[in-house]
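J.: Here's a structure for you.
The values are calculated or read from the model by the stated rules, or taken from the named source; none is laboratory data. It should be emphasised that the depicted structure is a prediction, and the values quoted were computed from it without experimental measurement. Don't worry about glycine lacking a Cβ; one is built from the backbone with ideal geometry, like all the others, and counts go over all protein chains shown.
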Amino acid sequence: MSDTSLKDKTAKGMLWGGLSNGAQQVLNLAFGIVLANLLTPEDYGMVGMLTIFSLVAATIQESGFTAALTNRPSMVHRDYNAVFWFCLPVSLTLYGVLFAAAPLIADFYSAPELTPLARYLFLTFVISGLGIVPSARLFKTLRVKERTLSNLIALMTSGGVGITLASLGYSYWGIATQTLVYVTANTTLYWWFAKWRPTLAWDFAPIREMLGFSSKLLVTNIFNHINNNFFSLVLGRFYADTEVGHYNQANKWNFMGHSMVTGVVNGVAQPLFVETGGDRERQARVFRKMMRFTCFLAFPVMLGLAIVAHELILLTITSKWLVAADMLSMLCVSGAFLPVTALYTQFLLSRGSAHIYMWGLIALVCVQLSAAVAVYPYGVMTMLAVYVGINLAWIPVWHYFVRRTLGIGYRQGLLDIAPFLLAAGGTMAATCHIVAWLDAPLLGALLLKIPIAALLYTGILWLSGAKILKESWDYLVRKKR
């Protein structure tokens, strides 16, 4: 594929990915505000304590085959059919195991109400297991538009159901049902758009061919979910469910922020790196440009969210969630770098280096868990500060593995990241000082911080001649015309 054709296809995918994630997070924000006012931290805590079990089970059922199929040189029905018939019985078996284990989970948290809730909520990954192959087909062919429509329709449908049930007094059952409806609608639409149907030819030879790669990715994804959600496990075990609820609310807002960028990166990065894999210099140029674009978006979005966290939480979901505002500000610092980490890991996957990703993440999780257990007596905020610090310190580790393949040194990596970090950090510091000097009330502070930060950040990049700003603007203007 020519550079121009690949560039246009990538830009189109990133544009749709940006629109998708932006629209999804706006809807998530709207539905989340309504639900947070109808429900309590304890309601969110009940569902939050089950999150890590659902994610790990969903990862086992998917077994890394989405990335494995994407790395295959061609689209063959035999490959997809084998994955479908492998994942379906795995999903049913996992549900049976977790159905039986639900009382044990409830005993671990000393919350007997979790038994029926767990058995109901865990149905989601049985249904999502049916959508693994259609989703992989859409992902491999960069059909971001179809995935966008599926996600948005499912989100609007499930959001309406969740609000209705919460207003009728169903508390945490409403949250669980919202999740179940979202997964069902999304899976159905993936099947509709993928235009693929399984056959009864049970040939598992492709599974054996992909297993070496996918099994490493399976282990990696499990540790990734543990890394992202172990706070719910630790807080649920050593603190009250109220603390779990506050953390889950903060983490949800943090996720809404960084996933706007991470979704854009993950939507095109691995297929793009696979496409350019035969030319090292070309791939290095693509990687560095993707890195600059990621930093260009991620740092202002997440650091901006950090400085408006208190106003946003207090104005939208009231002071009962004030503790979550402090947590959110701290999580956003780590969240600013999660899209950067995603780009590193997507590159490793595109090179078939699942083992490097796996061991790198296992080491990170071991450090995180050890640190959390060591400092939990000092309080939740201390645990969060240590967690954020370790995540930031791990960026050079990921860069080391990419450097060995592409030859991008630490100095080059720093030159790609630092300008946007300094511009965003300086912008947010200046914005806070300006608004504090104006002594605006709560709503006024929120309404002032957003446009001031946006103008300052754009102005700094414009005056410094940042190419990524000009290229993004030129592309958007061309698409508009």
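J.: Filtering the range 70-82 down to residues that are under 27 Å from the mean Cα position of the chain (by Cα) and at pLDDT below 80, which residue is farthest from Pro134 (Cα to Cα)?
T.: Pro73
J.: Going by what's in this entry, would Met327 be described as within 16 Å of the chain's Cα centre (by Cα) and more than 24 Å from Thr405 (Cα to Cα)? Spell out the reasoning first.
T.: On the way: within 16 Å of the chain's Cα centre (by Cα): no; more than 24 Å from Thr405 (Cα to Cα): yes.
The answer is no for Met327.
J.: Can I ask one more? Could you check the range 358-389 and list, in sequence order, the residues that are touching a residue at least 40 places away in the same chain (Cβ under 8 Å), over 25 Å from Leu303 (Cα atoms) and not hydrophobic (A, V, I, L, M, F, W, C)? First the steps, then the outcome.
T.: At the first step, the residues of the range 358-389 found to be touching a residue at least 40 places away in the same chain (Cβ under 8 Å) are 358, 360-362, 364-365, 368-369, 372-373, 376, 380-381, 383-385, 387-388.
Then keep just the ones that are over 25 Å from Leu303 (Cα atoms); that gives 358, 360, 362, 369, 373, 376.
Hits for the range 358-389 are Gly360, Tyr376.
J.: Which numbered condition in (1) among the polar types (S, T, N, Q); (2) closer than 19 Å to Ile468 by Cβ; (3) modelled with pLDDT of 80 or more is the only one that Ser334 fails?
T.: Condition (2) is where Ser334 drops out.
J.: Kindly indicate the residue of the range 435-463 that is of a type in the set (Gly, Ala, Ser) and over 27 Å from the mean Cα position of the chain (by Cα) and also surrounded by the most Cβ atoms within 10 Å (Cβ to Cβ) among those meeting that condition. Walk me through how you get there before you give the answer.
T.: To start, the set of residues in the range 435-463 that are of a type in the set (Gly, Ala, Ser) comprises 436, 440, 444-445, 453-454, 459.
Still in the list and also over 27 Å from the mean Cα position of the chain (by Cα): 436, 440, 444-445, 459.
Details: Ala436: 10, Ala440: 16, Gly444: 13, Ala445: 20, Gly459: 12.
Here the answer is Ala445.
J.: Answer yes or no: is there a residue in the range 125-135 that is at negative phi, of a type outside the set (Phe, Trp, Tyr) and touching a Cys at 6+ places or on another chain (Cβ under 6 Å).
T.: Scanning the range 125-135, I find at least one residue that is at negative phi, of a type outside the set (Phe, Trp, Tyr) and touching a Cys at 6+ places or on another chain (Cβ under 6 Å), so the answer is yes.
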